[in-house]
Amino acid sequence: MSLRIVVCVKYVPDATGDRHFADDLTVDREDVDGLLSELDEYAVEQALQIADEADDAEITVLTVGPEDAKDALRKALSMGADKAIHVEDDDLHGSDVMATSLVLAKALDKAGYDLVITGMASTDGTMGVLPAILAERLGVPQVTLLSEVKVEDGTVTGRRDGDSASEQLVASLPAVVSVTDQSGEARYPSFKGIMAAKKKPVESWDLEELEIEADEVGLEGSWTAVDSAAQRPARTAGTIVKDEGEGGKQLAEFLAGQKFI
Amino acid sequence: MAEVLVYVDHVDGAVRKPTLELLTLARRIGEPVAVALGAGAADTAAVLAEHGAVKVLTADAPEFAEYLVVPKVDALQAAYDSVSAAGSLAAVLVPSSAEGKEIAARLAVRIGSGIITDAVDLEAGDEGPVATQAAFAASFTTKSRVSKGTPVITVKPNSAPVEAAAAAGTVEALAVTFGALATGTKVVSRTPRESTGRPELTEAAIVVSGGRGVNGAENFHLIEELADSLGAAVGASRAAVDAGWYPHTNQVGQTGKSVSPQLYIASGISGAIQHRAGMQTSKTIVAINKDAEAPIFDLVDYGVVGDLFEVVPQLTGEIKARKG
Ligand SMILES: Cc1cc2nc3c(=O)[nH]c(=O)nc-3n(C[C@H](O)[C@H](O)[C@H](O)COP(=O)(O)OP(=O)(O)OC[C@H]3O[C@@H](n4cnc5c(N)ncnc54)[C@H](O)[C@@H]3O)c2cc1C
Ligand SMILES: Cc1cc2nc3c(=O)[nH]c(=O)nc-3n(C[C@H](O)[C@H](O)[C@H](O)COP(=O)(O)OP(=O)(O)OC[C@H]3O[C@@H](n4cnc5c(N)ncnc54)[C@H](O)[C@@H]3O)c2cc1C
């Protein structure tokens, strides 16, 4: 039986661009180029490696996002995923993590899965909690923040490097796995991969297809509210000295003046 | 007065500093009720009482160590149920560690509440607690609220001072029944991190970091010696970690630790956006870099353009001399 892997990927504004908030305090996606969250490339990479090891596997990439989020799906397909699902609906605008995870969970149930793989955190919201929430909503084991992952005979094993210890984990499928940027470099799409991706199927689903009401998602349906967003004042320009042989001593003088010594 | 649940991060009964900071924030909103789980849970009570906990709910069971995250969610939910049944609950506060965030998020789903992660400040407001978050590598500051359910909020280390505020700290045993999901992910083995004797990176008042400019694992002793002269924690950029010069647990930045110390010293680090994301909220920032154009200099209170192999040892020597 084929191993059904679904990789959740997010389309995010480029972190090296000038990111800011729109008037409704959602992420401004107009002025900054978007891309597949770099940390989700690691999830796609691990899916490809797991599929390589399995006798028979199929990789679906899934995103919830605006029209341009197709770019993120294309990138994942060009890396080697087989097909894509794009959940897109105007009513999704401004969804918080509870609303987004509701949509992802419904989409996963509809698509069918044995293994869900996500990144460790998005590069814009950076919450790092969506995988745990998905596991809770789907009622399957959470095997998260892995820097090493292996799937064999219906079980997933992996290493989680936590704050105080490194843990070896095991759970049976179906499960939700998230992988860190320590899990192994993501491959670059080959020319052949890019050409092949153009012919791979991308399905579009809206809220109706997932039997979700408009008021369960978006700014209205979210369970958190942003009241204000302000640019941090630029740090006041500091003193910069060129080392002419006394740089370390000058720095010590500064630190002493600030009472650090 | 409404109560506030505070999830306790502790190691065998020794309460970690971010939990004491949470108690300071919790007291702005209501009366703190602490929840301590696992081995040594009851030993946390004295310190928690000194910092304002009116009650300490404790539970210990092998499941907390043998399975990932979910048993702790079951226990926190039991605490939520018992406190909210008895009175009004204003918020659930959890330290923003990787595990803390996951526990908080799963609890929020179960109790039908919104969640805010990585708050750097918290205040009482007319419509419930208002959290301050740093967004887009800390180039923005946002204020948000949970608008449905009992607010679940995770708070970053160094977001509030630790304050003494004696309270009863009455210990009560928490009755926990584990659900079907609790045993889903087994922890087969656990290798604790070796202690370096230096302060915890996320909690330290001073962090001294090295980057690609350090040019080799064999040179990191320069960074360590500077750190030790100041009683600081040691950090590293991803370039230094990826090169295998320093452990990943010490990485500062978007995919490493986020730090907010009184003083951050960056040596041989260019200041890429992903590095800034983890250190930009530091109070005082100092950099040593041989390239006057390095973006890190845009952030600094004091910068030395020079070779770190000259400047760092001189600085360490001078600090030692001044400290006698
Ligand atoms: C600066 C900022 C702060 C925010 N703070 C909060 C907050 O405190 N509370 C709140 O409820 N919402 C918050 N949001 C909104 C939240 O980021 C989004 O709702 C988002 O869809 C889910 O959170 P995340 O991206 O942080 O997920 P993370 O938990 O960081 O994402 C982990 C993984 O989940 C998968 N994933 C995430 N989003 C999608 C998607 N849309 N489609 C497919 N896969 C996905 C990816 O694999 C990703 O690597 C914030 C947004 C921003 C920009
Ligand atoms: C998704 C993603 C996540 C990331 N997460 C992180 C993260 O968590 N943390 C992180 O740090 N990076 C992260 N990065 C990587 C980041 O983009 C940079 O590549 C990295 O921070 C560079 O490290 P560096 O400053 O040490 O190296 P470089 O950028 O190479 O800078 C080295 C600096 O050292 C200086 N130098 C060299 N020799 C000397 C000398 N003898 N004396 C003084 N100065 C000297 C040079 O002038 C230069 O400025 C991430 C990237 C991505 C895409």
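Observations on the model:
- Matching option when the condition is under 23 Å from B:Ser159 (Cα atoms) and within 9 Å of ligand 2 (Cβ to nearest atom), among B:Gly268, B:Gly253: B:Gly253
- Whichever residue in region B:133-181 is of a type in the set (A, V, I, L, M) and free of Cβ contacts under 8 Å to residues at least 24 places away in the same chain and, among such residues, is nearest to ligand 1 (Cβ to nearest atom): B:Ala135
- For region A:18-113, the strands (runs of 3 or more DSSP E) that sit wholly inside it and include 2 or more residues that are more than 9 Å from ligand 1 (Cβ to nearest atom) and closer than 15 Å to A:Asp206 by Cα are A:83-87.
- Residues (within 16 Å of ligand 2 (Cβ to nearest atom) and either in contact with a helix residue (DSSP H, G or I) (Cβ under 7 Å, 6 or more places away or on another chain) or more than 7 Å from chain A (Cβ to nearest Cβ) (or both)) located in region B:83-134: B:Ser96, B:Asp118, B:Ala134
- Qualifying residue in region B:195-204 (condition: hydroxyl-bearing (Ser, Thr, Tyr) and in contact with a helix residue (DSSP H, G or I) (Cβ under 7 Å, 6 or more places away or on another chain)): no
- Criterion applied to A:Lys200, A:Lys192 was being away from chain B (no Cβ under 13 Å) and surrounded by 15 or more Cβ atoms within 10 Å (Cβ to Cβ), and the one residue passing it is A:Lys200.
- The sole residue among A:Val149, A:Val129 that is in contact with a strand residue (DSSP E or B) (Cβ under 7 Å, 6 or more places away or on another chain), touching a residue at least 12 places away in the same chain (Cβ under 8 Å), away from ligand 2 (no atom under 16 Å from the Cβ) and away from chain B (no Cβ under 12 Å) is A:Val149.
- Region B:1-20 - residue that is touching a His at 6+ places or on another chain (Cβ under 9 Å) and part of a helix (DSSP H, G or I) and, of those, farthest from B:Val92 (Cα to Cα): B:Leu20
- Screening B:Phe309 with (1) within 8 Å of ligand 2 (Cβ to nearest atom); (2) over 28 Å from the mean Cα position of the chain (by Cα); (3) surrounded by fewer than 22 Cβ atoms within 10 Å (Cβ to Cβ); (4) facing another protein chain (nearest Cβ under 9 Å) gives one miss only, at (4).
- All positions within region B:283-306 that are among the acidic types (Asp, Glu) and at the interface with chain A (Cβ under 7 Å from one of its Cβ atoms): B:Asp301
Here's the yes/no breakdown for (1) under 29 Å from A:Asp18 (Cα atoms); (2) surrounded by fewer than 22 Cβ atoms within 10 Å (Cβ to Cβ); (3) within 16 Å of ligand 2 (Cβ to nearest atom); (4) not hydrophobic (A, V, I, L, M, F, W, C):
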{"residue": "A:Asp56", "(1), (2), (3), (4)": "no, yes, no, yes"}
{"residue": "A:His93", "(1), (2), (3), (4)": "yes, yes, no, yes"}
{"residue": "A:Ala121", "(1), (2), (3), (4)": "yes, no, yes, no"}
{"residue": "A:Glu136", "(1), (2), (3), (4)": "no, no, no, yes"}
{"residue": "A:Val140", "(1), (2), (3), (4)": "no, no, no, no"}
{"residue": "A:Gly158", "(1), (2), (3), (4)": "no, no, no, yes"}
{"residue": "A:Ser166", "(1), (2), (3), (4)": "no, yes, no, yes"}
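Throughout, read-outs are computed from the coordinates displayed, never taken from laboratory work. The shown structure was predicted, so the numbers you read here are calculated from the model rather than taken from an experiment. Here the Cβ is made from the backbone with ideal geometry for all residues, glycine too, and neighbour counts use every protein chain on show.
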